[in-house]
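Provided herewith is a single structure, encoded as structure tokens, for subsequent inquiry.
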Amino acid sequence: MKKLYPIKLLPARERVASALRKAIFAQDLKEGEVLALESTAEQLGVSVTPVREAFQILARDGFIALRPNKGAVVLGVQESLIRDHYELRAILESAACRLICERNADLSGIIDAHEGSLQSVQEQDAREYGSYNQSFHFEIWTACGNERLRSTVADLWNGLSVGIDTNAIEYAQLSLQEHAGVLEALQARNAELAEQRMYAHILRSMNSMLSHYQKPSQQDT
């Protein structure tokens, strides 16, 4: 019988913001596209309330512009905005790893999420891996014991940053390998190494997402 591991996911508004942010980063949602509250909620399988709250998060960060009573419109996203986003995530999530080590925090939730991730990759289930990936990071933010840090980085979450030259399961295998390195450093209570490995993990994710963007000279060839 398959062993089940708990999956802790973000609240609905962060999940919606994550899905929309990832679509904007990947250029699946392009500049000028209109996002209606009701249709967005229907497509994502949630109520209107978390969509409205997610729109406010994305508007604050400059990804969309709110339209009174009409939802929102997608703004143009430059590479610099994506870099800023991932660099901030890298700073915060690596700091969370340092805090976990310094505070000798409980790692059980992180370990469970990693074991679930490993099982999903072995079963070639990229969708399930995406949930465990979110859970792995969520458990790290929670374990660090800083609620302000946890809530801030939760607002920045955007899920798996699969590049254009990588399929989902290949990306999951790479991500899992990096998670294993982070967990190893956390278990050793090596704050510097855990911090470095998480920072590198997030920046590698950034480069995967940036692969969706090409310079004009490349597009013309």
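If you take the residues in the stretch 63-78 that are out of contact with any Gly (no Cβ under 8 Å at 6 or more places or on another chain) and part of a strand (DSSP E or B), which one is surrounded by the most Cβ atoms within 10 Å (Cβ to Cβ)?
Within the stretch 63-78, the first condition is being out of contact with any Gly (no Cβ under 8 Å at 6 or more places or on another chain), and the residues that meet it are 63-72, 76-78.
Subset that is part of a strand (DSSP E or B): 64-67, 71-72.
Details: Ile64: 26, Ala65: 12, Leu66: 16, Arg67: 13, Gly71: 18, Ala72: 24.
The qualifying residue surrounded by the most Cβ atoms within 10 Å (Cβ to Cβ) is Ile64.
Of everything in the stretch 146-167, what is modelled with pLDDT under 85 and hydrophobic (A, V, I, L, M, F, W, C)? Give them in sequence order. Give the derivation first.
In the first step, residues of the stretch 146-167 are kept if they are modelled with pLDDT under 85; the result is 158-167.
Selection gives Leu160, Val162, Ile164.
With the requirement that a residue be under 15 Å from His137 (Cβ atoms) and among the charged types (D, E, K, R), what does the stretch 174-194 give you?
The answer is Glu178, and nothing else.
Right, something else. I'm trying to understand the selection: among the residues of the stretch 79-128, which are among the charged types (D, E, K, R), within 27 Å of Ala26 (Cα to Cα) and part of a helix (DSSP H, G or I)?
Of the stretch 79-128, the ones among the charged types (D, E, K, R) are 79, 83-84, 87, 89, 93, 98, 102-103, 106, 112, 115, 123, 125, 127-128.
Restricting the remaining residues to those that are within 27 Å of Ala26 (Cα to Cα) gives 79, 83-84, 87, 89, 93, 123, 125, 127-128.
Listed by number, the residues that qualify are Glu79, Arg83, Asp84, Glu87, Arg89, Glu93, Arg127, Glu128.
Would you call Gln27 surrounded by fewer than 20 Cβ atoms within 10 Å (Cβ to Cβ), in contact (Cβ under 8 Å) with a residue 60 or more places away in the chain and not assigned by TED's automatic domain parsing to the domain that holds Ser131? Spell out the reasoning first.
Values: surrounded by fewer than 20 Cβ atoms within 10 Å (Cβ to Cβ): yes; in contact (Cβ under 8 Å) with a residue 60 or more places away in the chain: yes; not assigned by TED's automatic domain parsing to the domain that holds Ser131: yes.
Yes: the conditions hold for Gln27.
Among the candidates Glu139, Glu115, Glu147, Glu128, single out the residue that is acidic (Asp, Glu), farther than 29 Å from Glu53 by Cβ and not assigned by TED's automatic domain parsing to the domain that holds Gln56.
None of the others qualify; the one that does is Glu115.
What about Glu79, is it within 30 Å of Ala185 (Cα to Cα) and at pLDDT below 95?
Details: within 30 Å of Ala185 (Cα to Cα): no; at pLDDT below 95: yes.
Taking the combined requirement at face value, the residue does not satisfy it.
Looking only at the stretch 122-138, count every residue that is buried (at least 19 other Cβ atoms within 10 Å of the Cβ) and not polar (S, T, N, Q) and tell me the total. It would help to see each step written out before you state the result.
Going through the stretch 122-138, the residues buried (at least 19 other Cβ atoms within 10 Å of the Cβ) turn out to be 126, 129-130, 132-138.
Filter again for not polar (S, T, N, Q), leaving 126, 129-130, 132, 136-138.
Of the residues in the stretch 122-138, 7 are buried (at least 19 other Cβ atoms within 10 Å of the Cβ) and not polar (S, T, N, Q).
The values are calculated or read from the model by the stated rules, or taken from the named source; none is laboratory data. Because the structure is a prediction, the values reported are computed rather than measured. A quick note on method: Cβ atoms are made from the backbone with ideal geometry, for glycine too, and the neighbour counts reach across all protein chains shown.
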